[in-house]
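Sending over a structure as structure tokens; questions will come in a sec.
The values are calculated or read from the model by the stated rules, or taken from the named source; none is laboratory data. Since we're looking at a predicted model, the values are computed, not measured. In this analysis, Cβ positions are derived from the backbone assuming ideal geometry, glycine residues included, and neighbour counts consider all displayed protein chains.
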Number of protein chains: 2
Amino acid sequence: MSTPLRLGIAGLGTVGVGTVRIIQRQAALLTARTGRDITISAVSARSRDKDRGVRLGDYAWEDDAVALATRDDVDVFVELIGGDEGPAKAAVEAAIGAGKHVVTANKALLAMHGQALAEAAEAAGVALRYEAAVAGGIPVIKALTEGLAGNEITRVMGVMNGTCNYILTRMQSAGLDYDTVFKECEELGYLEADPTLDVGGIDAGHKLAILAAIAFGTRVDYDALTIEGIERITIEDIEQAADMGYRIKLLGVAQNSGRGFEARMTPCLVPESSPLGQLEGPTNMVVLEGDSVGQIVLRGAGAGEGPTASAVMADVCDIARGLDLPVFGVPASSLKTVQASTQDTPSAYYLRMELFDKPGALARIASVMGESGISIDRMRQYGHSSERAPVLIVTHKTSKDALDAAIAAMPATGVLASDPVALRIETL
Amino acid sequence: MSTPLRLGIAGLGTVGVGTVRIIQRQAALLTARTGRDITISAVSARSRDKDRGVRLGDYAWEDDAVALATRDDVDVFVELIGGDEGPAKAAVEAAIGAGKHVVTANKALLAMHGQALAEAAEAAGVALRYEAAVAGGIPVIKALTEGLAGNEITRVMGVMNGTCNYILTRMQSAGLDYDTVFKECEELGYLEADPTLDVGGIDAGHKLAILAAIAFGTRVDYDALTIEGIERITIEDIEQAADMGYRIKLLGVAQNSGRGFEARMTPCLVPESSPLGQLEGPTNMVVLEGDSVGQIVLRGAGAGEGPTASAVMADVCDIARGLDLPVFGVPASSLKTVQASTQDTPSAYYLRMELFDKPGALARIASVMGESGISIDRMRQYGHSSERAPVLIVTHKTSKDALDAAIAAMPATGVLASDPVALRIETL
């Protein structure tokens, strides 16, 4: 039996408490599996006195995460504070500087500072692991870096923000509008303190940026992503999409096509019969596509105490077992700079707008689209009670540039009563 | 850069050729990811002269797999011969004896001799890896041993024979009977040389035995499984199940309940809206449930050149990276002997039978069931054109013992015109 692996856990929110619980409850199992006792030396959090429903008396207390990260009796620093700056960043840097392994659930930190942290960790010869940062309990980082290591990854997709998927499926099942469901979520405590992180697609974008780096061997580059939230999705969009056999998802897609690197976290239409289309509630799903393996779909809880702590412990067990590989699967120094595509892969699009109800309105819009070289698959005007007519258009495959040109030309027609909403129809 | 990792590949069927192709096509990528060149020293197969559509001239040829396994220029012996005895077993044993790592896709070998081989490999200090043996390209062995290492696994389920799932979904979609679809599969070359391996549930049973050992820390024990094939499933079963909102799947379930170890590979009813219910065609799906992570679902191609070779290469890459852990996740010597449950977890059951069309027939069957303490949820007699009336019964939750008792008592009623078919309704 080797020496124990001693943890210092910073952050005792949901995930921190969950991690402590697993270590206490499954001590024998963890030792059997890793060949070492896994122990906690010290913890740190903002408030020492809060009752967290878990026994903490055996562990030393640090008020300061940096002090925790550099303690002599800590082998692995577990960062569960969150945020891409401040104490989380300072403590992770301090831990690496002090030669400690790091396990973190912090997607924002990795998305913004992943390259520098990975280089520092690899130079120091310590692990920097983050299974819990992406898709909660789903072991997707391991699947991508190890399970599909023999594949050239062609595309990564995913629904990776449970709150957004909950909102969209709740709108659909209850026929409620966005604002109503958003308020429900606020009341239920489902939203981040800054809800834009969820509904604006930022949190999910951080996750996609991390997956894309691993998938394509590029530096993490959050700024190279196109991010769009779900705030503009109406119950009409959801119902019209359903009527055509689609579901609307906040879907991340990253691919490295002949055109260069493309990564988007945007609301998309997906076929209702596809695994992504069938995903309901707060569950996450990641789709990995490789040249040999074809398509692998992983599904599970994307958040919550147990699932996220499970992912933290997977990393801790790997470290205890001595399993280590470069942070993003290849040495950080060899990661290439992202060459963003100048053009998205062509796609069919769904377009919704309101037109003033006057003769020839629809024809004018159709004509503007034709001038941009866009051919229309379906077009419908649906029930209305005022002088504004809601109109829905599904295009054939077209470039995003052509679509943007058409949308830019629409106001000049004089028939447009609302800004068009355009959603990509993703091929699965 | 470390020294190259040199492979000897035995068996040049679909998977062997797929493995050679990945190594040739993705050489640079594999080196970037593992830090080592991955090369092939030698290959072996039954026929040297066959054109396999892949360049083999650079590799030494061995007629004998054992000779290949023990070559000085082989670091990893890749066994893709198949079969639980004969050259596959002899060569794997020889490789371990010669201190070579082993990667295999051979589920039968692991299911029948996993314990002895794991002990030998661990004693010799070599890896014995088998990601490709279960669910093709889905990295399920890694998910279970590493990704969910922090969990006590509570249940493992899966659809792990693509041919059976193809047959069942094809029967449903085309309304064809079992024999017709079976013949189609024979003509398409979808079946093993001995089709019982597929439709009898044996191949899928081998896979479940392996997963169960990892999940519950027990010795692989194929004989402790209840195995039942899909041969008795009729188009009526499929249509009646669909009518009640279920799909029929050849489903593996292993759980370690308070009653002891239970593992079955049997046709079951699952809700059509569940991920398992929605699985169509030859795709595989594995469901892993843990005390912390909840439910994780993995889906992908369960067979075929690319997917299976992808799994072989995941193991090869792990070895190249120096990632190793005990064969079944904990040292083989610590694996416990299976304590098979004396009783299955209670469940609802679907029962189909034919009764002679005479007054009181249904009442007699209902009465026999009541005497065994089984309460009936639904009962229906459906369209018939002769003196035999097909009858369908769905029970409330009951023990398997009570069900077996009721079925044993049915012939004495004198109204039974065909043996009852009983299928478990699995809760997801």
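Taking only region B:290-334 into account, find how many residues are at pLDDT below 95 and of a type in the set (Val, Ile, Thr).
Total satisfying the criteria: 0.
Here is a check on your reading of the model: is B:Ser274 modelled with pLDDT of 95 or more and within 12 Å of chain A (Cβ to nearest Cβ)?
So B:Ser274 does not fit the description; no.
Somewhere in region B:349-358, is a residue outside any loop (DSSP other than H, G, I, E, B), among the aromatic types (Phe, Trp, Tyr) and modelled with pLDDT of 95 or more?
yes
Also, quick follow-up: Going by what's in this entry, would B:Pro282 be described as more than 7 Å from chain A (Cβ to nearest Cβ), surrounded by fewer than 22 Cβ atoms within 10 Å (Cβ to Cβ), in contact (Cβ under 8 Å) with a residue 40 or more places away in the chain and under 15 Å from the mean Cα position of the chain (by Cα)?
So B:Pro282 fits the description; yes.
Inside region A:383-421, can you point out the residues that are within 27 Å of the chain's Cα centre (by Cα), under 21 Å from A:Glu354 (Cβ atoms) and either of a type in the set (S, T, N, Q) or assigned by TED's automatic domain parsing to the domain that holds A:Pro271 (or both)?
Residues satisfying the conditions do not exist here.
Give A:Arg380, A:Arg352 a once-over and let me know the one that is in the same structural domain as A:Leu416 (by TED's automatic domain parsing) and surrounded by fewer than 20 Cβ atoms within 10 Å (Cβ to Cβ).
The unique qualifying residue is A:Arg380.
Output yes when any residue across region B:211-226 is assigned to a strand (DSSP E or B), more than 11 Å from chain A (Cβ to nearest Cβ) and touching a strand residue (DSSP E or B) at 6+ places or on another chain (Cβ under 9 Å), and no when none is.
yes
Please give the number of the condition B:Gln172 fails out of (1) of a type outside the set (D, E, K, R); (2) touching a helix residue (DSSP H, G or I) at 6+ places or on another chain (Cβ under 6 Å); (3) within 14 Å of another protein chain (Cβ to nearest Cβ); (4) over 30 Å from A:Arg33 (Cα atoms).
Unmet condition: (3).
Kindly evaluate A:Gly147 against the criterion of being within 12 Å of chain B (Cβ to nearest Cβ), over 21 Å from A:Val293 (Cα atoms) and crowded, with 24+ Cβ neighbours inside 10 Å.
No; evaluated as a whole, the condition is false for this residue.
Still on this structure, please answer the following. How many residues, within region B:187-200, are farther than 22 Å from B:Leu251 by Cα and either of a type outside the set (Gly, Ala, Ser) or not assigned by TED's automatic domain parsing to the domain that holds B:Pro282 (or both)?
The qualifying residues number 2.
Another question, if that's okay. Filter region A:295-344 down to the residues that are more than 9 Å from chain B (Cβ to nearest Cβ) and part of a strand (DSSP E or B), then identify the one that is surrounded by the most Cβ atoms within 10 Å (Cβ to Cβ).
That would be A:Ala340.
Right, another one. Looking only at region A:123-134, count how many residues are over 17 Å from the mean Cα position of the chain (by Cα) and crowded, with 19+ Cβ neighbours inside 10 Å.
3
Now a separate question. Restrict the check to region A:122-129 and report whether at least one residue is within 9 Å of chain B (Cβ to nearest Cβ) and either among the small types (Gly, Ala, Ser) or closer than 12 Å to A:Thr308 by Cα (or both).
The answer is no; no qualifying residue exists.
Also, I was wondering about something else. Do we find that A:Cys185 is more than 27 Å from B:Asn151 (Cα to Cα) and at pLDDT below 95 in this structure?
Spelling it out, A:Cys185 is indeed more than 27 Å from B:Asn151 (Cα to Cα) and at pLDDT below 95.
Regarding A:Ile374, is this residue under 31 Å from the mean Cα position of the chain (by Cα), outside any helix (DSSP H, G or I) and crowded, with 19+ Cβ neighbours inside 10 Å?
Taking the combined requirement at face value, the residue does not satisfy it.
Tell me which residues, restricted to region B:174-202, are touching a residue at least 12 places away in the same chain (Cβ under 8 Å) and either assigned to a helix (DSSP H, G or I) or β-branched (Val, Ile, Thr) (or both).
B:Tyr178, B:Val181, B:Phe182, B:Glu184, B:Cys185, B:Thr196, B:Asp198, B:Val199, B:Ile202
Take the residues in region B:227-250 that are outside any helix (DSSP H, G or I) and either at positive phi or charged (D, E, K, R) (or both), then tell me which one is surrounded by the fewest Cβ atoms within 10 Å (Cβ to Cβ).
Step by step, filter region B:227-250, then rank; the result is B:Gly245.
Further, regarding this structure: Which ones in region A:187-217 are of a type in the set (Val, Ile, Thr) and in contact with a Ser or Thr (Cβ under 7 Å, 6 or more places away or on another chain)?
Of everything in region A:187-217, those that are of a type in the set (Val, Ile, Thr) and in contact with a Ser or Thr (Cβ under 7 Å, 6 or more places away or on another chain) turn out to be A:Ile202, A:Ile214.
Counting only residues that are part of a strand (DSSP E or B), within 7 Å of chain B (Cβ to nearest Cβ) and buried (at least 24 other Cβ atoms within 10 Å of the Cβ), how many does region A:285-294 have?
Of the residues in that region, 1 qualify.
Right, something else. Quick check, is A:Arg380 away from chain B (no Cβ under 14 Å), more than 30 Å from A:Arg33 (Cβ to Cβ) and not in a strand (DSSP E or B)?
no
Within region A:177-184, can one find any residue that is closer than 22 Å to A:Ala311 by Cβ, aromatic (Phe, Trp, Tyr) and not assigned by TED's automatic domain parsing to the domain that holds A:Thr70?
no
Related question: Look at A:Leu428 and say whether it is surrounded by 15 or more Cβ atoms within 10 Å (Cβ to Cβ) and without any contact (Cβ under 8 Å) to a residue 60 or more places away in the chain.
no
While we're looking at this one, here's another question. B:Val338 - would you say it is touching a residue at least 60 places away in the same chain (Cβ under 8 Å), of a type in the set (Val, Ile, Thr) and touching a Phe, Trp or Tyr at 6+ places or on another chain (Cβ under 8 Å)?
Yes; evaluated as a whole, the condition is true for this residue.
Just a yes or no: is a residue in region A:309-327 outside the structural domain of A:Ala406 (by TED's automatic domain parsing) and over 27 Å from A:Ile40 (Cβ atoms)?
Within region A:309-327, one or more residues are outside the structural domain of A:Ala406 (by TED's automatic domain parsing) and over 27 Å from A:Ile40 (Cβ atoms).
Next up: Check B:Thr163, B:Thr154, B:Thr196 and return the single one that is among the hydroxyl-bearing types (Ser, Thr, Tyr) and over 16 Å from the mean Cα position of the chain (by Cα).
Of the residues listed, the single one that is among the hydroxyl-bearing types (Ser, Thr, Tyr) and over 16 Å from the mean Cα position of the chain (by Cα) is B:Thr154.
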